[in-house]
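The values are calculated or read from the model by the stated rules, or taken from the named source; none is laboratory data. All values reported here derive from a predicted model rather than from experimental measurement. Cβ coordinates were reconstructed from backbone atoms using ideal geometry, including for glycine residues, and neighbour counts include every protein chain displayed. In case anyone asks, the SASA skips ligands and DNA or RNA and just uses the protein heavy atoms, side chains included. Shrake-Rupley method; radii C 1.70, N 1.55, O 1.52, S 1.80 Å.
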Amino acid sequence: MVSRMIHRPLGNTGLLLSPIGFGAFKIGRNQKTKYARGYDLPDDSGVQRLLNGVLDLGINLIDTAPAYGRSEERIGQAIAHRRREYVLSTKTGETFEDGRSMYDFSRAATLDSVHRSLRRLRTDVLDIVLIHSDGDDLRILNHSDVVATLQELRSSGLVRFIGLSGKTVAGALAAMNWADVLMIEYHALDRSHEPVLGEAHRRGVGVLIKKPLASGRLPARQAIPELLADGRIASLVIGGLDLEHVRENVELAGRAGGSGISHAT
């Protein structure tokens, strides 16, 4: 028994999430990152220990992306046998190959991306697929086929819920016309997406927070309780390679409490 986390509803999706989600960037990629310090990728046994430890702590949201190097593949190898224990979130639109990011929001690329993610993650369905924006949110939403293609995939049953991991307030607000889920950056150093939280709550769109620690600039003991005091937020996606740090974050979330459904871990 580590803590008692309060599971939170993800908008109107019916999903209940642990208030801390695991961001799986660092298990797959260590090139051209935005982290202050470099790091080595863990070996396969290290990934097995980390991901199984994350689930054992009660975290039930795993967030990844094709742009995270080998992340999807390693998740599939390590915890596909525990698939019913977690909500799986991945993305489409960005890939990272030969040391650089490439973006493609066409119908063909979106279909290929989702089917590739299904194979790598060793699953029959992706719970959440988000558009991995290059920053030009409105152009992507209004002048590419990615939204219509994701809606098609949702109707087919290969994807349960869809949304946007964007960069702009305007993009997030526009995405609410079709999105089930939004992933936004929001913390004490950047509250520009405050209007998004209010409108998403009004419309029943689920909100996940990326970079809740401001890429390491904010201490977890400050940022986690502060953000989880806001009931409009479903989960904070936090990455890392140190299971003890993950445990500390879970304990902070347990002490933060908040509205939701009690779940012992």
Estimated [θ] at 222 nm from DSSP helical runs (n ≥ 4, -39500 (n - 2.57)) normalised by residues in the chain, nearest 500: -10500 deg cm²/dmol
With every protein chain in place, the chain: carbon and sulfur % of accessible area (1.4 Å): 47
Gyration tensor verdict on the range 9-127 (Cα atoms; rounded if a/c is under 1.5, prolate if a/b is larger than b/c, oblate otherwise): oblate
Antiparallel content of DSSP bridges confined to the chain, in %, to 5: 25
For the range 115-250, size of Cβ-based charge dipole, Lys and Arg +1, Asp and Glu -1, in debye: 220
Centre separation in Å (Cα based) which lies between the range 16-40 and the range 53-90: 12
Beta bridges per DSSP with both ends in the range 54-174, % antiparallel, nearest 5: 25
GluC sites (Glu not before Pro) within the range 32-112: DSSP coil, no more than 16 neighbouring Cβ in 10 Å: none
Translational diffusion of the range 107-201, µm² s⁻¹ [Kirkwood Rh, Cα pairs; Stokes-Einstein; 20 °C; 1.002 mPa s]: 155
36 Å tail of the calculated P(r), the chain, as % of Cα pairs: 6
Probe 1.4 Å - accessible area at MET102, Å² to nearest ten: 60
Unit Cα scatterers, Debye sum, the range 166-247: log10 I(q)/I(0) for q = 0.18 Å⁻¹: -0.72
The range 117-240: relative contact order as a whole-number percent, Cα under 8 Å and 6+ apart: 19
Choice from GLY166, GLY231, GLY11 with maximal GNM fluctuation in the chain (Cα, 10 Å cutoff): GLY231
The range 4-81: chymotrypsin sites (Phe, Trp or Tyr not before Pro) falling in loop per DSSP and having at most 16 other Cβ within 10 Å: TYR35, TYR39
Overall form of the range 112-265 per C-alpha gyration tensor (a/c, 1.5; a/b vs b/c): prolate
Whole-Hz couplings from phi, Karplus 6.51/-1.76/1.60, listed for the range 141-157; x for Gly and Pro: 5, 9, 10, 9, 9, 5, 5, 4, 5, 5, 4, 4, 5, 5, 5, 6, x
